[in-house]
Every structure is written in structure tokens, then in C-alpha cells.
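What follows is a short report on a single structure.
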Amino acid sequence: MRALCWEAPAKVGVHTVPDPTLLDSRDAIVKVTSTAICGSDLHLYDGYVPSVEPGDVLGHEFMGEVVELGSEVTNLRVGDRVVVPFPIACGQCRSCKRGLTSICENSNPNAGLAEKIMGHSPCGIFGYSHMTGGYAGGQAEYVRVPFADVGPLPVPDDMTDEQVLFLTDILPTGYMGADLCGIEPGDVVAVWGAGPVGYFAIQSAYLLGASKVIAIDRIPERLKLVEKLGAHAVDYEQTTVLEELRELTGGRGPDHCIEAVGMEAHTDITAIHVYDKAKQLTKSQTERPQAVREAVLSVANGGTVSITGVYGGFMDKFPIGSVMNRSVTIKAGQCHVHRYLRPLLEHIRRGDIDTTSVISHRLPLEEAPKGYDLFKKKKDGCTKVVLTPGG
Amino acid sequence: MQNPERTTDRLVRALGVASAGLGVPMLVRTDAVARFAGVDDDAGAPLVIQAVGARELVHAALLLLGPHRTVWTRVAGDAMDLAVLGRALADRKGERRARATAATAAVAAITAADVWVASRTLREQHGRGRPGPLQLHASVTVQQEPQEVYRFWRDFENLPTFMLHLRSVTEHGDGRSRWEANAPLRRSVSWDAELTGDEPGRRISWKSLPGSRVANAGTVHFAPAPGDRGTEVKVVLHYDVPGGRAGRLVAKLLGEEPEQQVRDDLRRFKQVMETGRVVRSDGLPSGADARHQVAQRPAQPVKSERASNHR
Ligand SMILES: NC(=O)c1ccc[n+]([C@@H]2O[C@H](COP(=O)([O-])OP(=O)(O)OC[C@H]3O[C@@H](n4cnc5c(N)ncnc54)[C@H](O)[C@@H]3O)[C@@H](O)[C@H]2O)c1
Ligand SMILES: [Zn+2]
Ligand SMILES: [Zn+2]
């Protein structure tokens with residue numbers, strides 16, 4: 001089959017690789033009909049996530065048709081059209097039973113590797129480094145889906161791929177980012193990053209009752225896109241974010257801050273940016289923490305900072321004093337996609353959430369490397385790339 | 001419980017810091033150091049002191065960042081320093097001689113400390129063929145009743161499903177069993193063991209019979225975890241690592257990081273208890289057959305022209 005493989009930092013290619021096979025009686029093989037490039041893929045693409053090896057198949061946002069089933073998967077049939085959550089979850093450990101599927105205790109066979117960096121291991125994830133299991137990803141014609149009796153959700157035939165594809169990751173991720181804030185009526189929410197995750201975090205914050213949502217980014221077409229959702233757009237290159245947010249909230253600061261930027265945050269060339277970048281390049285810090293720092297300093301006293309952006313390891317100059325002295329709550333996590341699938345499918349159906357306007361590029365899988373380049377450099381108005389295998 | 005290796009680690013790192021503490025003044029306050037050692041009358045002394053200072057900084061880097069055994073480089077350095085001071089002592093009189101004597105005594109004390117720490121590194125339990133007893137611990141919490149967890153473990157024939165180094169265990173039925181483990185070069189090594197303790201739902205102990213090639217003993221404890229958290233499983237394993245070839249065999253069995261291997265074994269045990277299988281990924285395709293995991297392929301080959309078999 002054809003698949004998008006990581007080759008070296010900033011280099012990916014579409015290659016012919018062995019087809020996946022059933023390795024376990026709870027597996028399914030899914031023939032991918034649509035798959036997307038995620039901001040998280042960019043962290044792998046750029047080489048910031050350890051333990052990605054040349055030849056690894058990337059991709060964790062994918063949906064398609066079930067073509068093979070292990071004997072123990074009784075809730076699916078060959079031919080079902082399914083969306084597949086990016087975290088791999090066993091459904092039987094205590095975390096899974098509590099709905100915290102992205103910290104499934106059994107799905108990462110390389111947990112020992114992750115423990116070395118993080119103390120304890122998160123779940124296994126499709127196409128997301130060997131530290132999260134070494135599972136082949138979904139930017140391919142076929143994928144092996146482990147624990148297929150737990151993850152994949154069949155979707156109604158009258159909904160298009162593009163309507164439901166983002167249930168696999170960025171929609172629930174944005175939703176969880178807002179959900180973790182515990183938004184109450186009247187709350188003002190600020191969202192760092194108007195990328196695809198920010199796009200869904202903004203819609204979710206409104207859905208959960210926010211009175212005003214402020215979006216912070218610098219890419220004009222992204223800021224325009226979220227303005228259409230009703231967000232107040234702030235271009236961080238034109239202003240001082242902390243001051244602007246004070247102005248917009250009567251001096252209080254936003255009640256909740258959602259960080260949807262991640263470890264490659266950008267800043268103007270200031271001393272602190274040079275410091276962060278140098279530390280990241282010499283591997284003495286894995287993150288560029290600009291957005292998290294700003295979110296912590298901006299949030300209102302007693303507020304919440306919800307971190308959805310991905311971080312890999314260690315950061316420097318974290319404003320812990322601001323967190324401690326001002327009763328700030330920090331929430332974070334890879335998204336527990338499974339628990340949000342059904343309710344969000346309903347929201348899409350009812351038209352509460354727009355899932356398609358964020359898509360700017362539709363490419364055949366063969367052109368995936370171009371898709372990575374466009375999405376990475378935010379060129380050509382690129383806000384989200386959807387790939388179709390065999391297309 | 002104090003882990004002797006942790007103590008050695010702290011001592012080695014402390015010596016590293018001390019090296020830096022000695023090296024820096026030698027480089028920046030060379031004259032003061034020369035006066036202190038009573039050699040301020042020698043035109044060549046500053047150069048020697050600076051060289052020693054630079055060497056101390058190398059020691060510091062090695063000891064702080066490198067493996068423990070680099071502490072032996074300090075012992076070698078001490079020998080050099082004592083030789084140099086001995087010569088200085090020989091041609092000095094009066095107050096300078098007194099200062100040189102004091103400096104020599106200080107270096108001798110440092111040497112003693114270095115030798116003591118260095119000798120500790122010889123006793124380290126790394127399972128890399130160093131003789132001596134080796135004790136390994138690991139714990140995991142399993143979402144099952146203690147009785148269930150106990151029952152699975154009590155059937156020793158189940159152990160190879162999650163213990164990486166075991167090929168098979170055969171129960172003889174009289175509390176004795178034959179264990180076969182993977183040895184280097186696809187060979188195997190086996191030994192007989194007997195059950196030495198059995199408290200249903202709480203504890204199982206076993207021990208290899210006298211004369212076994214791999215002398216070992218183990219105990220696994222089961223205890224209810226708080227709330228609805230299932231069962232806490234705690235394993236303690238003892239290996240006797242003999243010297244020579246037999247020791248190397250045991251070291252191979254235990255791998256580079258024995259403690260990690262036991263933790264990984266327990267993680268697979270949890271997978272089997274909770275999901276009924278050892279979890280397999282495309283990177284680790286031989287999941288259920290634990291012994292194949294050592295031969296895992298890291299990733300998909302970039303160029304393989306095998307055709308699609310789905311269409
Ligand atoms: N928690 C999860 O489960 C999960 C799931 C999916 C994605 N993610 C992470 O969410 C993050 C965003 O993903 P995405 O797909 O939207 O990626 P993206 O790269 O398209 O979006 C990031 C946006 O942040 C903006 N940005 C950069 N620096 C900024 C700064 N200092 N202040 C404000 N905005 C800044 C960029 O201009 C860009 O528009 C990534 O880190 C991704 O890994 C997490
Ligand atoms: Zn993603
Ligand atoms: Zn689980």
C-alpha cells in the first residue's frame with residue numbers, strides 16, 4: 001500500500017510499504033477514505049518529538065471503511081464506515097473505565113520509553129513516535145486499528161467524510177480544551193492559536209456558555225476565519241497581548257485561557273525567544289513556551305489555563321509564582337476522544353458546530369508532502385489539509 | 001530502604017562537585033594556592049598548579065556526567081599529586097615545609113576518600129557480570145480482584161506470556177517446576193525451582209534448587225488497592241550473580257537494565273490480566289510472544305515493494 005513516511009526532520013515522502021495485517025483478535029483493518037494533517041504531526045515533522053524513526057507511517061486523524069475484523073470484534077461489521085479516535089484505548093483499565101482514554105494504561109507497548117521522560121506513560125497513539133507505541137499511522141491506504149471494539153464509531157451514511165472526519169481529533173480536542181475550563185455563564189475565554197484546534201475550541205467555548213471569546217494569532221486568514229465564528233481577534237504582532245486582554249476585560253483578564261499552540265510557539269525576535277530557541281536546539285529545553293507563559297500571566301485571578309497544545313518534555317522560565325499566588329488552575333491532556341464522540345456527532349448533525357469551513361486544501365495522499373509544507377509554513381491560506389488515498 | 005547504588009551515585013557526584021571546587025581556584029587564584037601549598041618560591045609552580053586545576057575540571061565533568069567508574073580517574077590524579085607534593089616536601093624547610101606537609105596530608109585524605117568511593121563502584125549491582133547478590137523490585141496495580149490475579153500467577157506455566165526472558169515453565173505438580181530461559185545465541189538455559197511459600201490471594205514465593213545454573217528466588221505479593229483500584233502486585237526477585245562465565249550468562253538474562261525489564265514484565269502482566277493479551281503495535285508486532293520483542297523492528301522499511309493484498 002501507499003503511505004506517508006517520515007524520513008528526516010522536515011522531510012516526508014509517500015512510499016510503498018507492507019500492508020497492515022491483523023495482529024490480534026480485537027483488531028480491525030480500516031481502508032482509509034479521508035485523513036488529515038494535524039498540528040501535532042508538524043511537531044513530528046519538524047523533529048521535535050523524540051523516537052520518530054525514518055520509515056514510520058504518520059497520521060492519527062483518519063476515517064474509512066472496515067475491511068477486515070478480528071474474531072472478537074462483534075460491534076462492527078465489514079463495510080462499516082467509521083471514524084477512529086487518535087488515542088488507542090483498551091476499554092478495560094481503570095483510566096478507560098473513567099473515560100480517560102488518552103491515559104489508557106495498557107495500549108502503549110513502549111510505556112517504558114515514555115516513563116523515562118514523563119515519569120508515567122500516556123496511551124498508545126497512531127503514527128505518533130515509538131514513545132507512544134510505534135503504531136503505524138493513518139496517512140495511508142490501510143491502517144491496523146487495535147482494540148477495534150472500543151475505538152471506532154460508525155457514522156451515518158448521510159453525513160460526508162468532511163463533516164465527521166475531525167471527530168477523530170481536533171474537534172474533541174478543542175471541545176475538551178473548553179470543557180476543562182468549567183465555563184460558567186458570563187465567562188470570558190481567550191484562546192491562543194487560531195489554528196484548527198483553536199477554531200474548535202472557540203466554537204466549543206461559545207457552545208458551553210462563554211459570553212465572549214478572544215482569539216490570539218497572527219496569521220490574517222486564520223484570524224478572519226475565527227472572526228466569522230464570533231471571536232474577537234487579536235493579532236499578537238500588532239499589540240501587547242497581556243495589556244490588550246486587560247483592556248478587553250475591564251482589567252480582570254479572561255476567566256479562562258485555552259492554549260492551542262504547542263511546543264513550537266512563535267514570538268517576535270526578542271531576547272527571550274532567542275533564549276528559548278537556543279535552549280530547544282541544544283535540547284536543554286524541549287519547548288518554546290511563549291503561549292503558555294502568556295496564558296498564565298493573562299488569566300484572571302482564580303481562573304483556568306487549559307493546555308491543549310502538545311508539549312514533549314521540559315520547559316524553562318515557567319511563571320509558577322503567578323500560578324501559585326493567584327490561585328490559577330492548570331488543566332491539560334491529550335484528548336480523551338472516545339467520551340466526546342457521540343455527543344459531538346449530535347452537535348454536528350444539529351448544525352451547532354461548523355466542521356468544514358476550516359478545510360482549505362484537499363489533496364490526494366500522493367501529494368501529502370506538499371500538504372505538510374503548506375500547513376507548516378501556513379502558505380497559500382492553508383488552515384487544514386485533508387488527504388484522500390487513491391484519489 | 002537505602003539503596004547502596006544511590007549512595008554511590010551521590011558520593012561520585014559529590015566528588016565531581018569537589019573537583020570543580022578545587023579546579024576553579026587553581027585556575028583563577030593560582031598564586032594563593034601556591035602560597036597555601038608552600039611552593040610559592042618555585043617559578044614553575046603556577047604552571048603545574050594550573051595544569052592540575054584544568055585536570056580537576058576534566059574530573060568534574062567526567063564525574064558529574066559520566067559513569068560512576070570514572071571516579072578511578074581521580075584516584076590516578078591523586079597519585080600524581082602526591083608524587084609532586086612529595087618532591088616539593090623534600091627540598092623545603094621551615095614554614096614552607098609545614099605548609100607543604102599540611103597540603104600533602106589534605107591530598108592524602110582526599111585520596112583515601114576517592115579510593116573508598118572508587119572501590120564502592122566495583123560492588124555496583126548492574127547485573128553486567130559483576131558478582132554478588134542482585135535484588136530487583138517492581139510494582140503494578142491491576143484492575144482485578146487479588147484472588148484472580150493470584151490464581152493466574154500461581155500457575156507458573158503462565159509466566160512466559162509476560163516475562164521477557166522466559167521461554168517456558170513446566171510444573172511437575174509436586175511444587176517443583178522446570179524453568180527454561182533464553183540464553184545468548186538462541187540457546188537456552190534451564191533450572192529447577194520449588195514453591196517455597198503459597199498464601200492464596202496474598203503471596204507466592206519460589207526458589208531455584210541448589211546447584212542451579214541460575215540461582216534465583218522470587219516473591220510476589222498481592223494486596224487490595226484502595227477504593228476501586230484493584231490489586232497491588234509487588235514483585236521482589238533475587239539473583240545470585242556469580243563471577244566468570246556463569247555470571248555473564250545471568251547478566252545476559254537480566255539485560256542492560258534489569259529493573260526496567262521487571263517493570264516491563266509487570267506491565268505485560270497487567271495487560272494480560274486486564275485485556276487478555278499482550279498489546280502489540282506495528283513497531284512491536286510479536287507482542288504475545290514476549291521473547292520476540294527483543295528482535296522488534298523499529299519501524300516500517302521506507303522502501304518495500306510488497307503489493308497490496310487488500311485489493
Ligand atoms: N491535546 C490534544 O489531544 C491535541 C490534539 C490535537 C492537536 N494538539 C496540539 O494543538 C496544537 C495546535 O494544533 P493545530 O492543529 O491547531 O496546529 P497549527 O500549527 O495549525 O496551529 C497553531 C497556531 O498557533 C499560532 N501561534 C503560534 N505561536 C503563537 C503565539 N505565541 N501566540 C498565539 N498564537 C500562536 C500559529 O500561528 C497557528 O495558527 C498543536 O500543538 C497540536 O500538537 C493537541
Ligand atoms: Zn492531532
Ligand atoms: Zn485502557
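Among the trypsin sites (Lys or Arg not before Pro) within segment B:142-245, which fall in a DSSP loop and have no more than 11 other Cβ atoms within 10 Å of their own Cβ? Let's see the in-between values first.
Values: sites: B:R151, B:R154, B:R167, B:R176, B:R178, B:R186, B:R187, B:R202, B:R203, B:K207, B:R213, B:R229, B:K234, B:R245; in loops: B:R186, B:R187, B:R202, B:R213, B:R229.
Those that pass, being in a loop and sparsely packed, are B:R186, B:R187.
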Next item on the list: Would you compute, from DSSP H runs of 4+ residues alone, the mean residue ellipticity of chain B at 222 nm, taking -39500 (n - 2.57) per run and dividing by the full residue count, rounded to the nearest 500?
Entry: -15000 deg cm²/dmol
Next item on the list: Name the residue farthest towards the positive end of the dipole of chain B from the options B:A98, B:F152, B:V71, assuming +1 on Cβ of Lys and Arg, -1 on Cβ of Asp and Glu, about the Cα centre.
Entry: B:V71
Check: Using a Förster distance of 30 Å, how high is the FRET efficiency between B:A217 and B:L122, based on the Cβ-Cβ distance and rounded to 0.05?
Finding: 0.75
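At R0 = 60 Å, how high is the FRET efficiency between A:A8 and B:L47 if r is their beta carbon distance? Nearest 0.05 is fine.
Working: r = 48 Å, r/R0 = 0.80.
Using R0 = 60 Å, I get an efficiency of 0.80.
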Notebook entry, point to check: When the accessible area of chain B is split by element with a 1.4 Å probe, what percent falls to carbon and sulfur?
Noted result: 57 percent
Check: Between B:L185, B:L249, B:L63, which gets the highest mean-square fluctuation from a Gaussian network model of chain B, Cα cutoff 10 Å?
Finding: B:L185
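Calculate the translational D of chain A in whole µm² s⁻¹ from Stokes-Einstein, where the hydrodynamic radius comes from the Kirkwood formula applied to all Cα pairs, the temperature is 37 °C and the viscosity 0.692 mPa s. All intermediate terms of the calculation are to be shown ahead of the outcome.
Numbers: Rh = 21.0 Å.
Rounded, D is 156 µm²/s.
Could you give the length gained by full extension between A:K283 and A:T74, i.e. 0.36 nm per residue of separation minus their alpha carbon distance, to one decimal place?
On the way: separation 209, 0.36 × 209 = 75.24 nm, distance 4.65 nm.
In short, 70.6 nm is gained.
Treat segment B:134-295 as a sphere of radius equal to its Kirkwood radius over Cα pairs and apply Stokes-Einstein at 10 °C in a medium of 1.306 mPa s; give the translational diffusion coefficient in µm²/s, rounded to a whole number. Each step should come with its number before you reach the end.
Numbers: Rh = 16.1 Å.
Here the translational diffusion coefficient equals 98 µm²/s.
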Next item on the list: Treating only the Cβ atoms of Lys and Arg (+1) and Asp and Glu (-1) as charged, compute the dipole magnitude of the protein assembly as shown about its Cα centre; round to the nearest 20 debye.
Entry: 2160 debye
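Counting other C-beta atoms within 10 Å, and keeping those with at most 13, which DSSP coil trypsin sites (Lys or Arg not before Pro) do you find in segment A:301-382?
Details: sites: A:K317, A:R326, A:K331, A:R339, A:R349, A:R350, A:R362, A:K370, A:K376, A:K377, A:K378, A:K379; in loops: A:K317, A:R326, A:K378, A:K379.
For trypsin sites (Lys or Arg not before Pro) across segment A:301-382 that sit outside H, G, I, E and B with at most 13 neighbouring Cβ atoms in 10 Å, the list reads A:K317, A:K379.
Write down the Å³ per residue value for the convex hull defined by the alpha carbon atoms of chain B. List each step's numbers first, then the result.
On the way: hull volume 72.2 nm³, N = 311.
So the per-residue hull volume is 232 Å³.
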Note to self: Please compute the length gained on full extension between A:E243 and A:E227, using 0.36 nm multiplied by the number of residues separating them and subtracting their Cα-Cα distance.
What the structure shows: 3.7 nm
Next item on the list: Please compute the Cα-Cα pair-distance distribution of segment A:171-332 with 5 Å bins starting at 0, giving whole percents from short to long.
Entry: 2, 10, 20, 23, 22, 14, 6, 2, 0, 0
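Add -39500 (n - 2.57) for each DSSP H run of 4 or more in chain A, then divide by its residues: what number comes out at 222 nm, to the nearest 500 deg cm²/dmol? Before the final figure, lay out the partial values.
On the way: 13 runs with 111 residues, N = 391.
Value at 222 nm, helices only, nearest 500: -8000 deg cm²/dmol.
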Next item on the list: Would you please name the GluC sites (Glu not before Pro) within segment A:224-305 that are DSSP coil residues with at most 14 other C-beta atoms within 10 Å of their C-beta?
Entry: A:E237
Margin query: Cut-off under 16 Å on the C-alpha distance; same-chain residues fewer than 8 positions from A:K379 excluded. Which aspartates and glutamates are left, in chain and number order?
Written below: A:D217, A:E221, A:E367
Notebook entry, point to check: How many nm separate the modelled label positions at B:R167 and A:K97, each set 7 Å beyond the Cα in the direction of the Cβ?
Noted result: 3.9 nm
Next item on the list: Could you name the lysines whose alpha carbon sits less than 30 Å from that of B:K207, not counting residues in the same chain fewer than 8 places away?
Entry: B:K234, B:K252, B:K270
Notebook entry, point to check: With the Cα gyration tensor of segment A:105-257 giving a ≥ b ≥ c as the square roots of its eigenvalues, does the rule (a/c under 1.5 for rounded; else a/b larger than b/c for prolate; else oblate) give rounded, prolate or oblate?
Noted result: prolate
Item checked: Candidate aspartates and glutamates for bridging to A:K370, where Cα separation is under 12 Å - those fewer than 8 sequence places away on the same chain excluded -> A:D380
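How big is the B/A interface in buried accessible area, both sides summed, 1.4 Å probe, to the nearest 100 Å²? Spell out each step's value before the answer.
Values: alone 17810 and 15610 Å², together 30010 Å².
Summing both chains' loss of accessible area gives about 3400 Å².
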Checklist line | Net lengthening on full extension, B:E95/B:E180 (0.36 nm per residue, minus Cα-Cα) | finding: 23.5 nm
Next item on the list: Would you calculate the separation in nanometres between label points at A:D161 and B:A61, each defined as 7 Å from the Cα along the Cα-to-beta-carbon direction?
Entry: 5.5 nm
Margin query: Which entries of A:K11/A:K378; A:K228/A:K279; A:K212/A:K384 have Cα-Cα distances beyond 28 Å here?
Written below: A:K228/A:K279
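Can you give the direction-averaged projected area of the convex hull of the alpha-carbon atoms in the protein assembly as shown, in nm²?
Working: hull surface 152.9 nm².
Mean projected area for the protein assembly as shown: 38.2 nm², to one decimal.
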Note to self: I'd like to know which of A:V358, A:L4, A:G251 lies farthest towards the positive end of the charge dipole of chain A, counting +1 on Cβ of Lys and Arg and -1 on Cβ of Asp and Glu.
What the structure shows: A:G251
Check: Based on Cβ point charges of +1 for Lys and Arg and -1 for Asp and Glu, what charge dipole magnitude is obtained for segment B:4-126 about its Cα centre, in debye rounded to the nearest 20?
Finding: 200 debye
Item checked: Farthest toward positive dipole pole in chain A [+1 Lys/Arg, -1 Asp/Glu at C-beta], among A:S34, A:F147, A:A114 -> A:A114
Note to self: At 7 Å along Cα-to-Cβ for each site, give me the label-to-label distance between A:R342 and B:R187 in nm.
What the structure shows: 5.9 nm
Item checked: Efficiency of FRET from Cβ geometry, B:K234 and A:T356, R₀ 56 Å, rounded to 0.05 -> 0.60
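The values are calculated or read from the model by the stated rules, or taken from the named source; none is laboratory data. Just so we're clear, the structure is a prediction, and the values are computed from it rather than from any experiment. Glycine gets a Cβ as well: all are built from the backbone with ideal geometry, and neighbour counts include every protein chain shown. Surface areas here come from the heavy atoms of the whole protein model, side chains and all, with no ligands, DNA or RNA. Shrake-Rupley method; radii C 1.70, N 1.55, O 1.52, S 1.80 Å.
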